[in-house]
1. Select, from GLY119, GLY54, the only residue that is closer than 22 Å to PRO3 by Cβ, open to solvent by less than 80 Å² (accessible area, probe 1.4 Å) and of a type outside the set (D, E, K, R).
2. Residues being of a type in the set (Lys, Arg) and within 22 Å of CYS152 (Cα to Cα): count how many of those fall in region 85-119.
3. Answer with yes or no whether ALA79 is of a type in the set (A, V, I, L, M), in contact with a helix residue (DSSP H, G or I) (Cβ under 7 Å, 6 or more places away or on another chain), in contact (Cβ under 8 Å) with a residue 24 or more places away in the chain and loosely packed, with under 14 Cβ neighbours inside 10 Å.
4. For GLY87, all conditions in the list (1) under 15 Å from the mean Cα position of the chain (by Cα); (2) under 22 Å from GLU18 (Cβ atoms); (3) open to solvent by 40 Å² or more (accessible area, probe 1.4 Å) hold save one; what is the number of the exception?
5. Sort through VAL111, VAL62, VAL40 and tell me the only one that's open to solvent by 60 Å² or more (accessible area, probe 1.4 Å), among the hydrophobic types (A, V, I, L, M, F, W, C), out of contact with any His (no Cβ under 8 Å at 6 or more places or on another chain) and under 30 Å from PRO142 (Cα atoms).
6. Look at LYS76 and say whether it is among the basic types (Lys, Arg) and under 16 Å from GLY124 (Cβ atoms).
7. Here is a list: MET104, MET84, MET42. Which entry is among the hydrophobic types (A, V, I, L, M, F, W, C), touching a strand residue (DSSP E or B) at 6+ places or on another chain (Cβ under 6 Å) and more than 28 Å from LYS121 (Cβ to Cβ)?
Amino acid sequence: MRPMRLFKREVKDIREIETILKTCDTVRIGAADEDGIFVVPMNYGYELVTEDAGHPILKIYVHSAYEGRKAEAFKKEPAVAFEMDCGHEIIRGDYTCSYSYAYMSIMGSGVIRELTDPGMKEYGLKKLMAHMAPEADLRFSPEVLSRTCVFCIESDQFTGKKRAPKN
């Protein structure tokens with residue numbers, strides 16, 4: 001990966017990365033199809049897995065209908081990019097161009113694949129619900145699972161970034 005220009009803002013601590021994942025509520029996925037490049041915002045669930053070498057792998061779970069542009073694009077071209085951001089706050093300056101913005105973000109790229117095994121689909125949906133509505137009573141009927149397309153982005157190419165608000 002290309003080194004971050006403002007390396008002082010890079011988040012490397014896996015606990016801070018997890019805080020960003022927990023705090024954000026939307027992932028934006030960039031994909032391409034025959035009509036061009038597009039970005040789609042989606043709810044998500046996630047898990048961080050650490051390899052033997054200690055490098056984290058981020059898995060992002062999303063769902064959709066089986067039909068439509070994003071589902072067709074994900075199945076045809078599995079290389080995607082993603083971004084999420086949260087913790088927004090204006091940082092006021094002494095003059096116009098000294099204003100800035102506080103935020104936390106994660107950006108990366110990976111491969112998206114459809115989960116076809118019913119057990120894995122349910123697992124992905126549980127991860128999504130644990131992030132979006134942890135208090136929800138989860139029951140996935142076979143009919144609902146058969147109508148729901150679940151995808152998983154697997155990425156070992158992602159970075160966290162943070163600009164804290166001024167006190």
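The values are calculated or read from the model by the stated rules, or taken from the named source; none is laboratory data. Predicted, not measured: the structure shown is a model, and the values here were computed from it. Here the Cβ positions follow ideal geometry from the backbone for every residue, glycine too, while neighbour counts run over all protein chains shown. Only protein heavy atoms, including side chains, enter the accessible area calculation; ligands, DNA and RNA are left aside. Shrake-Rupley method; radii C 1.70, N 1.55, O 1.52, S 1.80 Å.
1. On the way: GLY119 fails: closer than 22 Å to PRO3 by Cβ.
Just one listed residue meets the conditions, GLY54.
2. Of all residues in region 85-119, those of a type in the set (Lys, Arg) come to 92, 113.
Imposing the further condition that a residue be within 22 Å of CYS152 (Cα to Cα) reduces the set to 113.
Count: 1.
3. Details: of a type in the set (A, V, I, L, M): yes; in contact with a helix residue (DSSP H, G or I) (Cβ under 7 Å, 6 or more places away or on another chain): no; in contact (Cβ under 8 Å) with a residue 24 or more places away in the chain: yes; loosely packed, with under 14 Cβ neighbours inside 10 Å: yes.
Spelling it out, it is not the case that ALA79 is of a type in the set (A, V, I, L, M), in contact with a helix residue (DSSP H, G or I) (Cβ under 7 Å, 6 or more places away or on another chain), in contact (Cβ under 8 Å) with a residue 24 or more places away in the chain and loosely packed, with under 14 Cβ neighbours inside 10 Å.
4. (1)
5. Details: VAL62 fails: open to solvent by 60 Å² or more (accessible area, probe 1.4 Å); VAL40 fails: open to solvent by 60 Å² or more (accessible area, probe 1.4 Å).
Residue meeting the stated conditions: VAL111.
6. On the way: among the basic types (Lys, Arg): yes; under 16 Å from GLY124 (Cβ atoms): no.
Answer is no for this residue.
7. On the way: MET84 fails: more than 28 Å from LYS121 (Cβ to Cβ); MET42 fails: more than 28 Å from LYS121 (Cβ to Cβ).
Result of the check over MET104, MET84, MET42: MET104.
Table: residues versus (1) of a type in the set (Val, Ile, Thr); (2) part of a helix (DSSP H, G or I); (3) at pLDDT 95 or above; (4) in contact with a helix residue (DSSP H, G or I) (Cβ under 6 Å, 6 or more places away or on another chain).
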| position | (1), (2), (3), (4) |
| --- | --- |
| VAL62 | yes, no, yes, no |
| GLU83 | no, no, yes, no |
| LYS127 | no, yes, yes, no |
| ALA136 | no, no, no, yes |
| THR159 | yes, no, no, no |
| ASN167 | no, no, no, no |
